[in-house]
1. May I ask you to rank Tyr110, Tyr23 by accessible area, largest first, using a 1.4 Å probe over the protein chains only?
2. Viscosity 1.306 mPa s, temperature 10 °C: what is the translational diffusion coefficient of the range 1-103 from Stokes-Einstein with a Kirkwood Rh over Cα pairs, rounded to a whole number of µm²/s?
3. Carbon and sulfur together cover what percent of the accessible area of the range 9-88 at a 1.4 Å probe radius?
4. Can you pull out the trypsin sites (Lys or Arg not before Pro) in the range 1-109 that DSSP calls coil and that have at most 15 other Cβ atoms within 10 Å?
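The values are calculated or read from the model by the stated rules, or taken from the named source; none is laboratory data. This structure is a prediction, so every number in the text was calculated from the model and none was measured. Ideal geometry is used to build each Cβ from the backbone, glycine not excepted, and the neighbour counts take in all protein chains shown. Quick note on the areas: whole protein, heavy atoms, side chains included, nothing else; ligands and nucleic acids left out. Shrake-Rupley method; radii C 1.70, N 1.55, O 1.52, S 1.80 Å.
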Amino acid sequence: MALVIEDGSQVTSADSYVSRADYIAYALTLGTVITDDVTADNQLVKAAEYIGRHEDNLKGERGTRDQALSFPRSGLYIDGWNWTSVEIPRQVILCQQAFALDINAGIDLYNRPQNPNMIAKSKRVEGAVTIAYAVGDSTGQKLSQTSTGDALLASLLNNNGLTVLTRS
């Protein structure tokens, strides 16, 4: 399978923002070796598709209605910078690579595992209620469930992916 890379020019049939070579090099800088080209390509395509699943909440608007991927976008403002409709923001590229690495680690992007460093403790007060607490490990530290990909994706979403509640 050969990847078709979106470079900002709205490439027909694009299925990735990142080349296999760039992904493999990025993974290596983080200490992960990706040896299978087909697997690398599949991970990148799945990661790009996952970003695309958030289309309704992405900042900006598609450049054209028929473009293959969610980016490039017009009216895009990320982390204090404007991006033109012929650019792929670095956050998109890093996000795709981070999600591909999550997939490589066996994580299902749609069904994330619970944080193993959080355990529930409970106590019962006789005749009253049962109270349950989520606590960290023995040092009292809690690790975030958010992956690098999730953090990068949040920067691409309207309101950083938070729902804004309004009262009427």
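1. Largest to smallest exposure gives the sequence Tyr110, Tyr23.
2. 115 µm²/s
3. Working: 2150 of 4460 Å².
C and S fraction of accessible area: 48 percent.
4. Answer in residue order: Arg53, Arg65.
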